[in-house]
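For reference, the structure is listed below as structure tokens.
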Amino acid sequence: MSDTLSTAWALAWIRGAQAVLAENRAELNDLDRAIGDGDHGENMDRGFKAVAAKLEAGAEDVQGVLKLVASTLMSTVGGAAGPLYGTAFLRAAKATTGDVDSDGVVALIAGSLEGIVARGKATTGEKTMVDAWTPALGAAQAAVGTGAGPIAVLRAAADAAAAGAEATIPLQATKGRASYLGERSIGHKDPGATSTALILACAADAAEAL
Ligand code: ADP
Ligand code: MG
């Protein structure tokens with residue numbers, strides 16, 4: 001346990017995310033098949049496999065890891081999720097210098113959310129990944145307010161993202177491909193909010209395992 005998260009954490013996070021997204025590929029495809037075109041698991045799996053291959057060479061610092069994730073997702077993931085996650089990781093990288101403390105975790109999540117909103121123009125309640133990132137940021141800020149260290153801040157964010165993803169089920173989609181379904185999008189969990197919860201859980205798992 002330490003007060004900052006280093007490059008080793010960032011590498012473990014992203015490698016863990018690659019494994020977890022591969023394990024959940026079929027489930028994410030199924031979620032996307034219900035309200036989209038069924039490719040979200042495939043998109044995320046392909047993107048993070050490409051990222052993991054590039055990370056074999058290592059990275060200089062946390063910012064370097066996040067930048068590599070951003071550029072690789074942008075170039076290998078099609079559809080909506082590639083540019084959205086690519087921009088998220090790019091803004092997260094820009095918000096990060098050196099190792100990451102509690103405030104750094106908040107900055108990283110805030111940067112990601114800003115990137116997604118800048119790119120996709122969604123607000124909360126539109127049944128997108130914004131509905132996972134927004135409560136994650138709120139929970140991270142609240143945890144910092146209670147004096148939590150970076151590991152606990154990440155866990156609070158991950159748990160809030162998972163709850164946020166569940167809470168997309170009763171929502172009607174008004175952004176992205178799922179919005180074409182109108183009221184028929186109600187009753188299904190948003191795939192992008194689900195992958196967000198998985199990725200943030202991996203960040204917390206990697207921090208706890210250090
Ligand atoms: P596509 O919709 O192009 O097939 P994916 O299936 O990979 O791309 O990703 C779909 C996910 O992208 C959705 O579940 C949703 O979370 C997210 N998404 C789509 N449009 C937006 C947007 N404008 N803002 C934020 N997230 C979005
Ligand atoms: Mg899709």
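Against the list (1) part of a helix (DSSP H, G or I); (2) crowded, with 22+ Cβ neighbours inside 10 Å, the condition Lys127 fails is (1). It is to be established whether one or more residues within the stretch 162-183 are part of a helix (DSSP H, G or I) and either β-branched (Val, Ile, Thr) or in contact with a strand residue (DSSP E or B) (Cβ under 9 Å, 6 or more places away or on another chain) (or both). There is no residue in the stretch 162-183 that is part of a helix (DSSP H, G or I) and either β-branched (Val, Ile, Thr) or in contact with a strand residue (DSSP E or B) (Cβ under 9 Å, 6 or more places away or on another chain) (or both).
Results for (1) of a type in the set (Ser, Thr, Tyr); (2) at pLDDT 95 or above, shown as yes or no for each residue.
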| site | (1), (2) |
| --- | --- |
| Ile35 | no, yes |
| Ala59 | no, no |
| Leu73 | no, yes |
| Tyr85 | yes, yes |
| Phe89 | no, yes |
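Being surrounded by fewer than 18 Cβ atoms within 10 Å (Cβ to Cβ) and more than 11 Å from ligand 1 (Cβ to nearest atom) is true of Ala163. Kindly evaluate Thr4 against the criterion of being surrounded by fewer than 18 Cβ atoms within 10 Å (Cβ to Cβ) and of a type in the set (Val, Ile, Thr). Against the criterion (surrounded by fewer than 18 Cβ atoms within 10 Å (Cβ to Cβ) and of a type in the set (Val, Ile, Thr)), Thr4 qualifies. The residue that is nearest to Asp32 (Cα to Cα), counting only those in the stretch 166-183 that are open to solvent by 20 Å² or more (accessible area, probe 1.4 Å) and within 16 Å of ligand 2 (Cβ to nearest atom), is Arg177. Just checking, does the stretch 25-39 include any residue being closer than 22 Å to Ala95 by Cβ and open to solvent by less than 50 Å² (accessible area, probe 1.4 Å)? Among the residues of the stretch 25-39, not one is closer than 22 Å to Ala95 by Cβ and open to solvent by less than 50 Å² (accessible area, probe 1.4 Å), which makes the answer no.
Take the residues in the stretch 49-108 that are among the polar types (S, T, N, Q) and free of Cβ contacts under 8 Å to residues at least 40 places away in the same chain; name whichever of them is nearest to ligand 1 (Cβ to nearest atom). Quick ask: steps written out before the conclusion?
At the first step, the residues of the stretch 49-108 found to be among the polar types (S, T, N, Q) are 63, 71-72, 75-76, 87, 96-97, 102.
Still in the list and also free of Cβ contacts under 8 Å to residues at least 40 places away in the same chain: 63, 71-72, 75-76, 87, 96-97.
Details: Gln63: 24, Ser71: 18, Thr72: 15, Ser75: 15, Thr76: 12, Thr87: 10, Thr96: 22, Thr97: 27 Å.
Filtering first and then ranking leaves Thr87.
Scan (1) buried (at least 22 other Cβ atoms within 10 Å of the Cβ); (2) more than 16 Å from ligand 2 (Cβ to nearest atom) for the single condition Val117 breaks and write down its number. Answer for Val117: the failing condition is (1). Remark: pairs (first residue in the stretch 31-43, of a type in the set (D, E, K, R); second residue near ligand 2 (Cβ under 6 Å from one of its atoms); Cβ separation under 6 Å; 6+ apart in sequence or on different chains) = Asp32/His40. The single condition among (1) under 21 Å from Ala178 (Cβ atoms); (2) open to solvent by less than 30 Å² (accessible area, probe 1.4 Å); (3) not hydroxyl-bearing (Ser, Thr, Tyr) that Ala110 does not satisfy is (1). Mind checking whether some residue in the stretch 170-181 is touching a Phe, Trp or Tyr at 6+ places or on another chain (Cβ under 8 Å), of a type in the set (S, T, N, Q) and within 23 Å of His40 (Cα to Cα)? No, because not a single residue in the stretch 170-181 is touching a Phe, Trp or Tyr at 6+ places or on another chain (Cβ under 8 Å), of a type in the set (S, T, N, Q) and within 23 Å of His40 (Cα to Cα).
The values are calculated or read from the model by the stated rules, or taken from the named source; none is laboratory data. Here the structure is a predicted model, which means the values were calculated and not measured. As a convention, Cβ positions derive from the backbone with ideal geometry for all residues, glycine included, and neighbour counts pool all protein chains shown. Please note that ligands, DNA and RNA were not included when accessible areas were found on the heavy atoms of the full protein model with its side chains. Shrake-Rupley method; radii C 1.70, N 1.55, O 1.52, S 1.80 Å.
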